[in-house]
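**Q** Pasting a structure here, questions to come.
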Amino acid sequence: MVRKGVSVAFELTPQKLIYGGDALGYHQGRTVLVPLALPGERVKVEPVRTAKGVVHARLLEVLAPALERVDPACPYFGRCGGCQYQHLSQEFQTTSKREILRESLRRIGKIVWDSEIVLHSAHPWNYRNQAQLKVARGPEGQVALGFFEAESHRLFPVDTCLILSPRLNTLLAELRHAEWSQRLGDCQEIELLADDRDECVRITLRGELNPGAAAAFAQECLEKLPGVVSVAIERGRKFQVFAEPTLAYSVGEIRYRVSPGSFFQASRFLLAELVAAVTGGAAGELALDLFAGVGLFTLPLARRFNRVAGVEANPPSVADLKSNAESHGIENLRAVGATTFDFLRRFAQTAPDLVVLDPPRGGVDAGSLKLLAALRPRQIHYVSCSPPTLARDLRLLIAPGYQLNSIEFFDFFPQTSHIEALARLIRKDLAR
């Protein structure tokens, strides 16, 4: 395939899609991964690199397309790195993601799950309430806004993005005008976050902006950019905020304060369904919400349990969690500023009724899982945005005495390879 540094094109028939969006096939006894291809179709590919014995290839031509292939709606698809699945029909996207989730459990977690994986899906376009626009200067000094190209850190300029909310697309169009873009040249990134109604937006500017001119520029953004109610300028890990200090985001009957630096879900659809699935049907004396963030699950849990502890290591999120509890008059909730490991290491009570885990992509560290299993909670609800780490962590929880009861798949991010899942576990001695 590669001779003396020269790539030799070859034909390939991929067998399956894998996590991340690539199609996997075999050629001359070697595993080949290629983006933008589909299982069962015949494609012509060209090797671009080999890593750990796996050939990573570039799609050159689709010789015999699969029935599931569709024309991408976005003209940037294939170059912009934001989407991986626009060439798949919507039904095949969800089918593929469920099978990737199932295979990850089997291959990494040694968990054979043949039962149903409940699907939650919503509108496949205009769903993102958050965007992280990259900023770069061209060879002649012009400033461009967009996203990284696929598998690179090169900026790819875009006029519009079909998965962003309408309000964020309006702002993207405004910021691309020369009167704005040239003044943003000292930024590396611009983050946009819209509220649940897609009306109010906070802009966060990251980079080397002139501190002396920051206030005047922020005021201009507030006056001239549609929907902007807050401007934050991030330097290091500190924020200088103008106008509204926080953004309000409602999910169901609960209104959350979200400060600069706090994490919040990036999809405006399905959030109420996820909260209901994680917290519904559970009640009792004590619940722990680990990796609690601003309290997306913690506050609803406090209405079902006599006592709730929300544990979060990020200081802005802990402050938001406390404020959100106070604003709703919730007195049975304790916000703990600590890592999950440190909290569990010091936590003396055993057998809480429910523990909710919602870790970042890297999952839960093995030490925390060991401490958690020693607490012997009655139930564990694990929310994951990474099937490989979910499978790894479930294996470590099932071994000391837990049983996987159900799995649900929330398709928060159609057109992409992202997979959000909820796994419910129960202690084996309590299982029927």
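Values quoted throughout were computed directly from the atomic coordinates according to the rules given, and no laboratory measurement underlies them. As the structure is a prediction and not an experimental result, all values here were calculated from the model. Counting neighbours? That spans all protein chains shown, and the Cβs are built from the backbone with ideal geometry, glycine included.
**Q** Provide 406, 96 in ascending order of the number of other Cβ atoms located within 10 Å of each residue's Cβ, fewest first.
**A** 406, 96
**Q** Of all DSSP beta bridges in the chain, what percent run antiparallel (nearest 5)?
**A** 65
**Q** While we're looking at this one, here's another question. Which helices, taking whole DSSP H runs in the chain, have alpha carbons extending 15 angstrom or more along the helix axis plus mean Kyte-Doolittle at least -1.0?
**A** Helix filter hits for the chain: 166-176, 211-224, 315-327, 387-398.
**Q** Moving on. Quickly estimate the mean residue ellipticity at 222 nm for the chain, helices only: each DSSP H run with n ≥ 4 gives -39500 (n - 2.57), and the total goes over all residues, rounded to 500.
**A** -7000 deg cm²/dmol
**Q** In what order do 389, 160 fall by count of nearby beta-carbon atoms within 10 Å, going from fewest to most?
**A** Ascending Cβ contact count within 10 Å gives the list 160, 389.
**Q** Moving to a separate point now. Which of the listed residues, 336, 113, 145, is farthest toward the dipole's positive end in the chain, when Lys, Arg count +1 and Asp, Glu count -1 at the beta-carbon?
**A** Comparing the listed Cα positions along the dipole, 113 ranks first.
**Q** Right, here's the next one. Any idea how far the Cα center of segment 267-345 sits from the one of segment 150-191, in Å?
**A** So the separation of the two Cα centres works out to 34 Å.
**Q** Report, in whole Å, the centroid distance computed from the Cα atoms of segment 192-216 and segment 28-87.
**A** First find each Cα centre; the distance between them is then 37 Å.
**Q** Charges at C-beta only: +1 for Lys and Arg, -1 for Asp and Glu. How large is the resulting dipole of the chain about its Cα centre, in Debye rounded to 20?
**A** Taking the Cα centre of the chain as origin, the dipole is about 1580 debye.
**Q** Can you give the translational diffusion coefficient of segment 1-69 in µm²/s, computed by Stokes-Einstein from the Kirkwood radius over Cα pairs at 10 °C and 1.306 mPa s?
**A** This corresponds to a translational diffusion coefficient of 134 µm²/s.
**Q** Also, quick follow-up: Binning at 5 Å from 0, report for segment 206-299 what percent of all alpha-carbon pair distances ends up in each bin.
**A** Taking all Cα pairs of segment 206-299, the binned fractions are 2, 11, 18, 18, 15, 12, 10, 7, 4, 2, 1 percent.
**Q** Within the set of other residues whose C-beta is less than 10 Å from the C-beta of residue 144, count the net charge using Lys and Arg as +1 and Asp and Glu as -1.
**A** Residues near residue 144 contribute +3 overall.
**Q** Explain nothing, just the number: relative contact order of segment 1-69, from Cα pairs under 8 Å at least 6 residues apart, as a whole percent.
**A** 28
**Q** If you don't mind, another one. Using the Cα centre as the reference, give the magnitude of the dipole from point charges on the C-beta atoms of segment 1-69 (Lys, Arg: +1; Asp, Glu: -1; all else neutral), rounded to the nearest 20 debye.
**A** For this selection, approximately 320 debye.
**Q** If you average 1/r over every pair of different alpha-carbon atoms in segment 186-251 and take one over that average, what Kirkwood value in Å do you get?
**A** 12.1
**Q** By what distance, in whole Å, do the Cα atoms of segment 356-432 stretch along each of the three principal axes, largest value first?
**A** If we take the Cα atoms of segment 356-432, the spans are 41, 28, 17 Å.
**Q** Let me ask something additional. Which aspartates and glutamates have a Cα less than 16 Å from the Cα of residue 97, not counting those fewer than 8 places away in the same chain?
**A** Partners within reach: 22, 68, 114, 116, 408, 411, 420.
**Q** Additional query: With the contact rule set at Cα under 8 Å and sequence spacing of 6 or more, what percent relative contact order holds for the chain?
**A** Over the chain, the number comes to 13 percent.
**Q** Over the Cα atoms of the chain, each weighted equally, I'd like the Debye log10 I(q)/I(0) at q = 0.07, 0.10, 0.12 Å⁻¹, rounded to two decimals.
**A** -0.39, -0.80, -1.11
**Q** Mind listing the Cα extents of segment 152-194 along all three principal axes, in Å, largest one first?
**A** Computed over segment 152-194, the largest-to-smallest principal extents equal 28, 26, 18 Å.
**Q** Ok, one more. By the scheme Lys and Arg +1, Asp and Glu -1, what is the net charge of all other residues having a beta-carbon under 13 Å from that of residue 382?
**A** Once all neighbours under 13 Å are counted, the net charge is -2.
**Q** Would you mind counting up the charge near residue 332? Only other residues with Cβ under 11 Å from its Cβ, with Lys and Arg at +1 and Asp and Glu at -1.
**A** Its environment carries a net charge of +2.
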